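See structure below.
Derivation of every value follows stated rules applied to the coordinates shown; laboratory data play no part. Predicted, not measured: the structure shown is a model, and the values here were computed from it. Please note: Cβ atoms are built from the backbone with ideal geometry, for glycine as well, and neighbour counts cover all protein chains shown.
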Amino acid sequence: MGDYDFVRGVIWNSLPELRRTLMEIEAEQAEFDEGEDTPSTVSIYSLASDVFIDGALAPLLSSEEIEKDVAIRCAGVIETLLLRGSTEVRQMVSIRITDYLLGWNLWEKFSQHSGPALLEEVGRRKRYYF
């Protein structure tokens, strides 16, 4: 299984409310690629930013009160990507998701829901933000 299929599958299975967004972004890419000899795929970075962050993490963290169920499922996505993903997937998590949480001062709000892999990741990266 390639990185795209892995990341897509984790999001698809963990956050079914984002399935429509996944299908829409894939349809946009297919339309863009129409007539091309070699169609491209949506990048794992787009999955992280345009689907996971914009569709689940940002709305979750912008609300006054965090929906515990959604927070737990978002944390599960991150943990799975960090623990079972390739080097490229783990780098993507660091660059897009960890940087989002730390760069926008959202870590404190989300940290109580995060798992050990994300806690370790943040421990390595937070020196760049605090």
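Out of Gln29, Trp104, Pro116, whose Cα points farthest toward the positive end of the dipole of segment 21-130 (charges: +1 Lys, Arg; -1 Asp, Glu; placed on Cβ)? Value computed over the given set: Pro116. Can you tell me the 0 to 90 degree angle between the C-alpha axis of helix 116-125 and the longest principal axis of the chain, rounded to 10? Helix 116-125 sits at roughly 80 degrees to that axis. Sorting 45-56, 66-77 by their mean Cβ neighbour count within 10 Å, with the most densely packed peptide first, gives 45-56, 66-77. Ordering of 58-65, 12-19 by packing is 12-19, 58-65, highest average first (other Cβ atoms within 10 Å, averaged per residue). In a fully extended conformation the segment linking Lys68 and Glu34 would gain 8.1 nm over its present Cα-Cα distance, using 0.36 nm per residue. Computed from Cα atoms, the angle from the helix 68-84 axis to the main principal axis of the chain rounds to 70 degrees. Principal axis analysis of the Cα atoms in the chain yields extents of 47, 30, 23 Å, listed in decreasing size.
In this Cβ point-charge picture (+1 for Lys and Arg, -1 for Asp and Glu), segment 1-100 has a dipole of about 580 debye about its Cα centre. Estimated from helices alone, the mean residue ellipticity of the chain at 222 nm is -16000 deg cm²/dmol (sum of -39500 (n - 2.57) over DSSP H runs with n ≥ 4, per residue).
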